[in-house]
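The values are calculated or read from the model by the stated rules, or taken from the named source; none is laboratory data. All of these numbers come straight from a predicted model, not from anything done at the bench. No Cβ is skipped: glycine too gets one built from the backbone with ideal geometry, and neighbour counts run over all protein chains shown.
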Amino acid sequence: MARIETPRRIRGTQDIFGDEQRRFAHVLATFERVRALYCFQRIDIPVFESTAVFARSLGETTDVVSKEMYTFEDRGGDSLTLRPEFTAGIARAYLTEGWQQFAPLKLTTSGPVFRYERPQKGRFRQFHQIDAEVIGAAEPAADVELLVLADQLLCELGISEGVTLQLNTLGDAATREAWREALVAHFEAHRGELSEDSLTRLEKNPMRILDSKDPRDRPVADSAPDIDAYLTPEARAFFEAVTAGLDAAGVAWERNARLVRGLDYYRHTAFEFVTDRLGSQGTVLAGGRYDGLIGSLGGPDTAGVGWAAGVERLAMLLEEPAAATIDAVVVPMGADAEARATGIVADLRRAGVAVEMAYKGKMKARMAKADALGARFAIIIGDDELAKGVAAVKTLGAGTQAEVAFADLAEALR
């Protein structure tokens, strides 16, 4: 008989369990709690979309579209793509579901996203993001609220130490066009000093040369003109309103004039929360204003601003999570006690008490299990207890023990 080969986990994926799962769950629970404080609504959108949604929104020439998307043809012949990010799907939903009537909308979501890239520390091909967006608000106050939300999230996760908010403006459409022309002229004058990748970007996406990691590009990129000389009065006033709002909210920030977003639909605010605690891949949360995105998907001109953060990367920054604890372990001794304990456990759980059953091994082994699970109490039921209608409740930390009537267990454990 042929040996059956055990299936392997797909490269770039992960099975999340134990301490790792507790970190992961803590990030999501904290995000849900904080977003509720800011009155953001939770939404959930499909894991896959028409490929055109991402090709239009992310740009045909970006690495995500050209190299990293999981795209396939379904049985009906349609081209579908597993989402590489959330914003495009949320924008599509805003249009197709008629959510314009509810604008401005403050939305959050979370879940898996998919990119075919080289797996490395904190990076996977199926990974998870949390995402926050404000759609239909053109005011700088929307940018400020999202940034303060992000800052509070990092603080409440206990990971804000050593994380810096870097901020830039990309200006309005007139600003971007004037700056783009100046950048192209600068880079054209130094073509011979640029890397091959940057020469390609020069034709398609010249702003991306500014954040090139290739050492050959840095002298040329560092000497490129800043956007400030090309800001319209309106764009300058917008950025000043954002920075004043952050100052008023007590959120520290620093200017990074080389922080860019290459696609034309990005406007005004661009930002990243960065740290040196994750090696060279130091961004933990990033976003910006994308006033031209919904228009690029065929909708009316609609303001939008948002951010996303990788759950795995946030979880890596957390302190060691506290071990999970439960209220009690029920220890039945004998068949009759086991039968009665089944009902007791069900009643306690319905009363909101977290309970586990230790039904294997000798008394010593069962009590050891109660200790290992971090239970506060052990509820011991044997023939004597059954005869009296009580349980022996042992407080594990103190070592004390008392008899409690079965009907009173839930109240006693509280």
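When the residues of segment 46-91 are filtered to those that are closer than 24 Å to ALA137 by Cα and in contact with a Pro (Cβ under 9 Å, 6 or more places away or on another chain), which remaining residue is modelled with the highest pLDDT? If we take residues in segment 46-91 being closer than 24 Å to ALA137 by Cα and in contact with a Pro (Cβ under 9 Å, 6 or more places away or on another chain), then GLY89 is modelled with the highest pLDDT.
Assessment of segment 312-331 against the conditions (in a helix (DSSP H, G or I), farther than 28 Å from PHE124 by Cβ, of a type in the set (Lys, Arg) and modelled with pLDDT of 90 or more) yields no matching residue. Residue count for segment 187-201, restricted to those that are surrounded by 12 or more Cβ atoms within 10 Å (Cβ to Cβ) and either over 32 Å from the mean Cα position of the chain (by Cα) or more than 26 Å from GLY282 (Cα to Cα) (or both): 6. Within segment 293-322, residues that are among the polar types (S, T, N, Q) reach partners that are in a strand (DSSP E or B) with beta carbons closer than 8 Å, at six or more positions or on different chains, in the pairs THR302/ILE135. Suppose the filter is among the aromatic types (Phe, Trp, Tyr) and surrounded by 14 or more Cβ atoms within 10 Å (Cβ to Cβ); does PHE72 pass it? Considered against the rule, which asks whether it is among the aromatic types (Phe, Trp, Tyr) and surrounded by 14 or more Cβ atoms within 10 Å (Cβ to Cβ), PHE72 comes out as no.
Number of residues in segment 9-63 that are loosely packed, with under 13 Cβ neighbours inside 10 Å, without any contact (Cβ under 8 Å) to a residue 24 or more places away in the chain, assigned to a helix (DSSP H, G or I) and in contact with an Asp or Glu (Cβ under 9 Å, 6 or more places away or on another chain): the value is 0. Of everything in segment 327-343 that is in contact with a Lys or Arg (Cβ under 8 Å, 6 or more places away or on another chain) and of a type in the set (A, V, I, L, M, F, W, C), the residue that is farthest from LEU413 (Cα to Cα) is VAL331.
Among the criteria (1) part of a loop (DSSP other than H, G, I, E, B); (2) over 18 Å from GLY334 (Cβ atoms), the one ALA412 does not fulfil is (1). State yes or no: is ARG176 within 30 Å of VAL148 (Cβ to Cβ) and among the charged types (D, E, K, R)? Judged against the criteria, ARG176 is a match.
Select from segment 378-406 the residues that are more than 13 Å from VAL330 (Cβ to Cβ) and in contact with a Gly (Cβ under 8 Å, 6 or more places away or on another chain) and list them in ascending order. Correct list: ASP383, ALA405. Within segment 114-130, the set of residues being modelled with pLDDT of 95 or more and over 14 Å from ARG313 (Cα atoms) comprises just one member, PHE114. When the test is whether a residue is under 30 Å from GLY298 (Cα atoms), at pLDDT below 85, of a type outside the set (Lys, Arg) and exposed (fewer than 13 other Cβ atoms within 10 Å of the Cβ), GLU181 does not pass it.
Among the numbered conditions (1) on the phi < 0 side of the Ramachandran plot; (2) in a strand (DSSP E or B), the only one that VAL260 does not meet is (2). With GLY288, GLY292 as the choices, which residue is in contact with a Lys or Arg (Cβ under 7 Å, 6 or more places away or on another chain) and at pLDDT below 90? Being in contact with a Lys or Arg (Cβ under 7 Å, 6 or more places away or on another chain) and at pLDDT below 90 holds for just one of GLY288, GLY292, which is GLY292.
Applying the criterion of being touching a helix residue (DSSP H, G or I) at 6+ places or on another chain (Cβ under 9 Å) and among the acidic types (Asp, Glu) to the residues of segment 232-275, the residue that is surrounded by the most Cβ atoms within 10 Å (Cβ to Cβ) is ASP264. One residue stands out among those in segment 140-171 that are surrounded by fewer than 17 Cβ atoms within 10 Å (Cβ to Cβ) and touching a residue at least 12 places away in the same chain (Cβ under 8 Å): the one that is nearest to LEU285 (Cα to Cα), which is THR164. Filtering SER223, SER198, SER212 for residues that are hydroxyl-bearing (Ser, Thr, Tyr), touching a residue at least 24 places away in the same chain (Cβ under 8 Å) and not assigned by TED's automatic domain parsing to the domain that holds GLU139 leaves a single hit, SER223. Here are the criteria: (1) within 29 Å of ALA323 (Cβ to Cβ); (2) modelled with pLDDT of 95 or more. Tell me which single one GLN21 does not satisfy. GLN21 satisfies all of (1) within 29 Å of ALA323 (Cβ to Cβ); (2) modelled with pLDDT of 95 or more except (2).
In segment 91-110 there is at least one residue matching the filter, namely being under 19 Å from the mean Cα position of the chain (by Cα) and part of a helix (DSSP H, G or I).
Here's a check for you: in segment 301-359, which residue that is of a type in the set (D, E, K, R) and closer than 30 Å to ARG92 by Cα is surrounded by the fewest Cβ atoms within 10 Å (Cβ to Cβ)? Within segment 301-359, the match that is surrounded by the fewest Cβ atoms within 10 Å (Cβ to Cβ) is ASP301. Checked against (1) buried (at least 19 other Cβ atoms within 10 Å of the Cβ); (2) of a type in the set (A, V, I, L, M, F, W, C); (3) in contact with a Phe, Trp or Tyr (Cβ under 8 Å, 6 or more places away or on another chain); (4) at pLDDT 90 or above, VAL390 passes all but condition (1).
Scanning segment 393-414 for residues that are loosely packed, with under 13 Cβ neighbours inside 10 Å and touching a residue at least 24 places away in the same chain (Cβ under 8 Å) gives a single hit, ARG414.
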